[in-house]
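Each remark here refers to the structure printed beneath this line.
The values are calculated or read from the model by the stated rules, or taken from the named source; none is laboratory data. Just so we're clear, the structure is a prediction, and the values are computed from it rather than from any experiment. For neighbour counting, all protein chains shown are included, and Cβ atoms are generated from backbone atoms with ideal geometry for every residue, glycine included. Surface accessibility is based on the protein's heavy atoms, side chains included, excluding ligands, DNA and RNA. Shrake-Rupley method; radii C 1.70, N 1.55, O 1.52, S 1.80 Å.
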Amino acid sequence: MNELVGALGWIIPLAVLFLLFLSGVRIVAEYQNGVVFRLGRYVGLKRAGFRWLIPFIERMVIIDLRTVARDVPPQDVITRDNVSVKVSAVVYFRVIQADKAVLQVEDYLYATSQIAQTTLRAILGQVELDGLLSQRERINHELQQVLDARTDPWGVKVSNVEVKHIDLPIEMQRAIARQAEAERERRAKIIAAEGEHQAAEKLAQAADVLSRNPATLQLRYLQTLVEITSGGNHTILPIPLELLRAFGAVPARPFRPEEVHEEEEDEGASHGLS
């Protein structure tokens with residue numbers, strides 16, 4: 001009996017010590033850091049692996065170091081040109097200094113989300129609607145820089161900010177649609193005018209080539225007849241070009257300004273002789 005009491009006298013203290021040892025065991029994952037406090041005072045960080053804390057004296061706060069994606073709820077934004085829109089975004093950030101994320105801010109996740117909302121309203125309020133729709137990359141980069149500077153004291157690194165959705169009023173959507181339609185009509189008219197200008201230049205060049213040799217005009221006339229008859233059954237009554245020239249419908253030869261000058265010089269010489 002005495003031996004049993006003596007054995008229990010050793011086993012009970014050992015069991016208590018073992019339980020105390022187990023209560024101080026902590027396992028830190030590879031993607032985590034542990035911020036250790038001893039009697040409420042910060043004493044350092046614990047990296048990944050098996051870690052042991054002094055029971056009832058030390059306490060450890062685990063911080064996840066992985067990238068976090070948080071949605072920014074739709075924000076009512078008035079742009080620089082006084083257009084009311086709703087804009088939503090997504091923020092990607094991670095903790096790079098676990099001690100600051102615990103010591104400098106109460107809840108870094110909530111704080112980063114709130115500052116992202118206010119920054120989104122502030123930055124987009126300085127941009128016009130056209131810039132908001134066409135310069136997404138520049139706006140995203142500016143948002144990322146501002147958020148990163150504001151969260152740096154908390155040990156938080158903002159890696160990216162993306163404007164996800166822009167909700168325009170119905171009236172503004174209709175106005176943008178009318179503007180786009182008018183722009184397409186303007187481009188169509190300009191393209192048609194350029195085509196007419198190029199066609200006129202080519203026709204002028206063709207007329208100049210045809211005027212150099214009367215035989216080319218005859219060949220072109222015959223080719224036109226062939227093109228007309230190839231489209232279906234047509235009755236063609238060809239009229240010789242000589243007959244048209246006889247009635248004055250087609251000039252016998254092209255008009256040349258240098259010949260007029262030569263005739264005026266001849267007339268002037270004849271007046272001088274007389």
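Could you identify the single residue in Val127, Val85 that is open to solvent by 10 Å² or more (accessible area, probe 1.4 Å), touching a Ser or Thr at 6+ places or on another chain (Cβ under 7 Å), modelled with pLDDT under 90 and not in a helix (DSSP H, G or I)?
Working: Val85 fails: open to solvent by 10 Å² or more (accessible area, probe 1.4 Å).
Sole residue among the options that is open to solvent by 10 Å² or more (accessible area, probe 1.4 Å), touching a Ser or Thr at 6+ places or on another chain (Cβ under 7 Å), modelled with pLDDT under 90 and not in a helix (DSSP H, G or I): Val127.
Each row is one residue, and each column tells you yes or no for (1) touching a helix residue (DSSP H, G or I) at 6+ places or on another chain (Cβ under 8 Å); (2) closer than 30 Å to Ser23 by Cα; (3) open to solvent by less than 70 Å² (accessible area, probe 1.4 Å).
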residue: Ala48; (1), (2), (3): no, yes, yes
residue: Leu53; (1), (2), (3): no, yes, yes
residue: Ile63; (1), (2), (3): yes, yes, yes
residue: Thr67; (1), (2), (3): no, no, no
residue: Val72; (1), (2), (3): yes, no, yes
residue: Val90; (1), (2), (3): no, no, yes
residue: Phe93; (1), (2), (3): yes, no, yes
residue: Ile96; (1), (2), (3): no, yes, no
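Close contacts from segment 214-238, counting a first residue that is under 19 Å from Leu203 (Cβ atoms) and part of a loop (DSSP other than H, G, I, E, B) and a second that is open to solvent by 60 Å² or more (accessible area, probe 1.4 Å) and modelled with pLDDT under 75, with Cβ to Cβ under 9 Å and a gap of 6+ residues or different chains, come to none at all. From Glu106, Glu171, Glu185, grab the single residue that is surrounded by fewer than 15 Cβ atoms within 10 Å (Cβ to Cβ) and part of a loop (DSSP other than H, G, I, E, B). That would be Glu106, the only listed residue that is surrounded by fewer than 15 Cβ atoms within 10 Å (Cβ to Cβ) and part of a loop (DSSP other than H, G, I, E, B).
One residue stands out among those in segment 12-46 that are touching a residue at least 40 places away in the same chain (Cβ under 8 Å) and among the hydrophobic types (A, V, I, L, M, F, W, C): the one that is least open to solvent (accessible area, probe 1.4 Å), which is Val35.
Report yes if Ala111 is out of contact with any Cys (no Cβ under 9 Å at 6 or more places or on another chain) and modelled with pLDDT of 90 or more, otherwise no.
yes
Under 17 Å from the mean Cα position of the chain (by Cα), of a type outside the set (Gly, Ala, Ser), surrounded by 13 or more Cβ atoms within 10 Å (Cβ to Cβ) and at pLDDT 90 or above: is that true of Leu143 in this structure? Here the answer is yes, as Leu143 does meet what is asked.
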